[in-house]
1. Mind listing just one residue for me: the one in region 38-64 that is open to solvent by 60 Å² or more (accessible area, probe 1.4 Å) and not hydrophobic (A, V, I, L, M, F, W, C) and, of those, modelled with the lowest pLDDT?
2. Please work out which residue is surrounded by the fewest Cβ atoms within 10 Å (Cβ to Cβ), limiting yourself to region 12-37 and to residues that are out of contact with any helix residue (DSSP H, G or I) (no Cβ under 8 Å at 6 or more places or on another chain) and under 27 Å from R47 (Cβ atoms).
3. Checking M1 against (1) touching a residue at least 12 places away in the same chain (Cβ under 8 Å); (2) more than 14 Å from the chain's Cα centre (by Cα), which single condition isn't satisfied?
Amino acid sequence: MLLVGIAGVLVIYGGFLYLLFSGKPTSAIPWFLLISPWICVYFGLTRVQQIAVIDWFAAKFRKK
């Protein structure tokens, strides 16, 4: 899953940046398409790494 997620991040964000910088509309890309490869990356991590990611996000939102 980790490799699939990394490949997805590269392909999807590469295409998104291409559209963005070429001046073509990016409104056709739904928001969930941009986060879906990150879900694959998350589930490709070990359980300890997943918990560390959740703790990191929780700490980021608690500081503000």
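1. K64
2. Result: F32.
3. Unmet for M1, out of (1) touching a residue at least 12 places away in the same chain (Cβ under 8 Å); (2) more than 14 Å from the chain's Cα centre (by Cα): (2).
The values are calculated or read from the model by the stated rules, or taken from the named source; none is laboratory data. Bear in mind the structure is a predicted one, so any value in this text is a computation, not a measurement. Methodologically, a virtual Cβ is constructed for each residue, glycine included, from the backbone with ideal geometry; neighbour enumeration extends over all protein chains shown. Surface areas here come from the heavy atoms of the whole protein model, side chains and all, with no ligands, DNA or RNA. Shrake-Rupley method; radii C 1.70, N 1.55, O 1.52, S 1.80 Å.
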